[in-house]
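Student: Okay, here's the structure, questions in a sec.
The values are calculated or read from the model by the stated rules, or taken from the named source; none is laboratory data. Note that this is a predicted model, so its numbers are computed, not measured. Here the Cβ is made from the backbone with ideal geometry for all residues, glycine too, and neighbour counts use every protein chain on show. When the accessible area is computed, the model is the full protein with side chains, heavy atoms only, and any ligands, DNA or RNA have been set aside. Shrake-Rupley method; radii C 1.70, N 1.55, O 1.52, S 1.80 Å.
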Amino acid sequence: MHPPEIRARARGLYLAGATVAEAARAVGLSYPTVRHWCKDRPEPKQQSTALRCFRCRDGVGSPTSPGQYAYLLGLYLGDGHLVIARVPVLRIFCADAWPDLIVACENAMRNVLATSVQRVQKQGCVAVQSYGKHWPCLFPQHGRGKKHERPIVLTDWQREIVEAYPGDFLRGLFHSDGCRVSNRVTVRGKRYVYPRYMFVNESTDIMGLCQWALDLLGIAWRMNRRNCLSVARREAVAALDRHVGPKS
């Protein structure tokens, strides 16, 4: 007898749009077992995410929760991956060290499009994922290869959302590829400790989007290295604290 949570997870994947085979692989069980759970039960499969896709529904031009979309976009550009298969799956990789971030990522997926979200444990991190045929509509930046090896350009409608919610977008970027650290320096024999934010990304396009969002909020930044941005001025850190804050 398999634990009920395994059965619930397999059925959740299937109801969200995965095939029986995909659900079976995800839970590590045989196809016949998972097929029995998914096919021989009276509950109908959930309707397509087209009902929630603001890019495809007539008369709906923006997400219900635009701030949550901006946040999820930032997470996707940092640590996200969109697999295009029969049923596309959006995955955001979150470190085990930040449990609140995992919850925030899951909530953002549900608020934007997902009817079901799964957590897949990896070594040192959790893949927060959701199956849905309309994820590619919301993240047209998907493509083959690594993000820093191909152009990453926001569409006009994405730029409008980020312009309206730059703080949420930055929170997603810094929660994925950024951090808030205590910087220690010694000047004339006296030690000083002050907080600063760091954002590291190999993509010059994504780095440019981070700079643009910071400029929208009037937050000063500078480049430490080609792939590393720093926010260190006291007033700039305080301003970013209001939008991002430390991970937890």
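Student: What are the pairs with Cβ atoms under 6 angstrom where one residue, in the stretch 109-127, is under 16 Å from Glu22 (Cα atoms) and the other, located anywhere, is open to solvent by less than 20 Å² (accessible area, probe 1.4 Å)? Sequence gap at least six, or different chains.
Tutor: Pairs found: Ser116/Gly12; Ser116/Ala16; Val117/Met109; Val117/Ser130; Gln118/Gln129; Arg119/Val126; Arg119/Val128; Val120/Ala127.
A quick yes/no check of all residues on (1) of a type outside the set (D, E, K, R); (2) more than 16 Å from Ala70 (Cβ to Cβ):
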{"position": "Val162", "(1), (2)": "yes, no"}
{"position": "Arg180", "(1), (2)": "no, yes"}
{"position": "Tyr194", "(1), (2)": "yes, yes"}
{"position": "Val200", "(1), (2)": "yes, yes"}
{"position": "Lys247", "(1), (2)": "no, yes"}
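Student: Something else: Go through the stretch 136-162 and give me each residue that's closer than 25 Å to Trp98 by Cβ and open to solvent by 40 Å² or more (accessible area, probe 1.4 Å).
Tutor: Our first condition is that a residue be closer than 25 Å to Trp98 by Cβ; within the stretch 136-162, this holds for 138-139, 141-142, 146-148, 152, 161-162.
Across the stretch 136-162, the qualifying residues are His142, Lys146, His148.
Student: Kindly indicate whether any position in the stretch 79-90 is touching a strand residue (DSSP E or B) at 6+ places or on another chain (Cβ under 8 Å), without any contact (Cβ under 8 Å) to a residue 60 or more places away in the chain, crowded, with 19+ Cβ neighbours inside 10 Å and part of a helix (DSSP H, G or I).
Tutor: no
Student: Ok, one more. Evaluate the stretch 163-174: report whether one residue or more is without any contact (Cβ under 8 Å) to a residue 60 or more places away in the chain and surrounded by 13 or more Cβ atoms within 10 Å (Cβ to Cβ).
Tutor: yes
Student: Something else about it: What are the residues in the stretch 117-135 that are open to solvent by less than 40 Å² (accessible area, probe 1.4 Å) and either under 20 Å from Ser203 (Cα atoms) or not in a helix (DSSP H, G or I) (or both), if any? Walk me through how you get there before you give the answer.
Tutor: Within the stretch 117-135, the first condition is being open to solvent by less than 40 Å² (accessible area, probe 1.4 Å), and the residues that meet it are 117-118, 120, 125-132, 134-135.
Of everything in the stretch 117-135, those that are open to solvent by less than 40 Å² (accessible area, probe 1.4 Å) and either under 20 Å from Ser203 (Cα atoms) or not in a helix (DSSP H, G or I) (or both) turn out to be Val117, Gln118, Val120, Cys125, Val126, Ala127, Val128, Gln129, Ser130, Tyr131, Gly132, His134.
Student: Can you tell which of Ala114, Ala97 is of a type outside the set (Val, Ile, Thr) and surrounded by fewer than 20 Cβ atoms within 10 Å (Cβ to Cβ)?
Tutor: So the residue among Ala114, Ala97 that is of a type outside the set (Val, Ile, Thr) and surrounded by fewer than 20 Cβ atoms within 10 Å (Cβ to Cβ) is Ala97.
Student: Give the residue, chosen from Arg222, Arg184, Arg233, Arg180, that is over 28 Å from Glu106 (Cα atoms), open to solvent by 60 Å² or more (accessible area, probe 1.4 Å) and touching a residue at least 12 places away in the same chain (Cβ under 8 Å).
Tutor: Matching residue, one of Arg222, Arg184, Arg233, Arg180: Arg233.
Student: Now a separate question. For the stretch 208-219, give me each residue that is in contact with a strand residue (DSSP E or B) (Cβ under 8 Å, 6 or more places away or on another chain) and open to solvent by 10 Å² or more (accessible area, probe 1.4 Å).
Tutor: Gln211
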